[in-house]
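Asks: Structure incoming, see below.
Coordinate-derived values only; no laboratory data. Everything numeric here is computed off the predicted structure, so don't read it as measured data. So basically every Cβ, Gly included, is an ideal-geometry build from the backbone, and we count neighbours across all protein chains shown.
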Amino acid sequence: MEVHNVELVMSAVAPEQYPTTGDPEIAFVGRSNVGKSSLTNVLINRKSYARTSSQPGKTQTLNFYHVEDQLYFVDVPGYGYAKVSKKEREKWGQMIETYLTQRDTLKGVISLVDGRHEPTADDQQMYTWLSYYEIPVLVVATKMDKIARGKWNKQLSMVKKTLNILPRDTLVAFSAQTKTGKDEVWDWIEAHTIR
Ligand code: GTP
Ligand code: MG
């Protein structure tokens, strides 16, 4: 999709605040600092539209970006940030669970992992959880520009194996710096948001 128009329409913490147009939604989840906002910005051809956070763990709302008045990208606050209190973590968990399990217009989740490392326990838990609810998942291994091309296959196999990625789901190698993988991510989004 060639994107010309994007609008942050809502920062929500509860279902009453979610948009009501009925357009399909794709959510972006992943560890704090993994590159969710950077991926979003590449997809919409902007340098810094989605808030790239200077303070990790500080974004505590679901941010709905209306793309071309057709679909929403939902930027979900990152997990795994050590300095967040237990209470904050529980609040986060409840908000995310409510959104991911009860939102009819949610058509798929893009789950980001750092392509340089083995997925963390939190990454594994998130993927297992999404699979359990049968939510279509695109796993994006990001920051691939930091890995030599010759090591990509080995690295991607490791990610696939560690997360136990199901045959129905897809894994894409991505870099916000080189934009590798952008078209594949868009293809997946379009396939899952056709009305
Ligand atoms: P939170 O909103 O705090 O959860 O973080 P986020 O997941 O939105 O991460 P963000 O996009 O803000 O990126 C975090 C840092 O990683 C920034 O310094 C980015 O420039 C960097 N980064 C993101 N993607 C890539 C990538 O593909 N390659 C490289 N080299 N750096 C990246
Ligand atoms: Mg962000």
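Asks: Restrict the check to segment 151-162 and report whether at least one residue is of a type in the set (S, T, N, Q), surrounded by 20 or more Cβ atoms within 10 Å (Cβ to Cβ) and touching a helix residue (DSSP H, G or I) at 6+ places or on another chain (Cβ under 9 Å).
Replies: no
Asks: Could you count how many residues in segment 7-38 are of a type outside the set (F, W, Y) and within 11 Å of S111 (Cα to Cα)?
Replies: Matching residues across segment 7-38 total 8.
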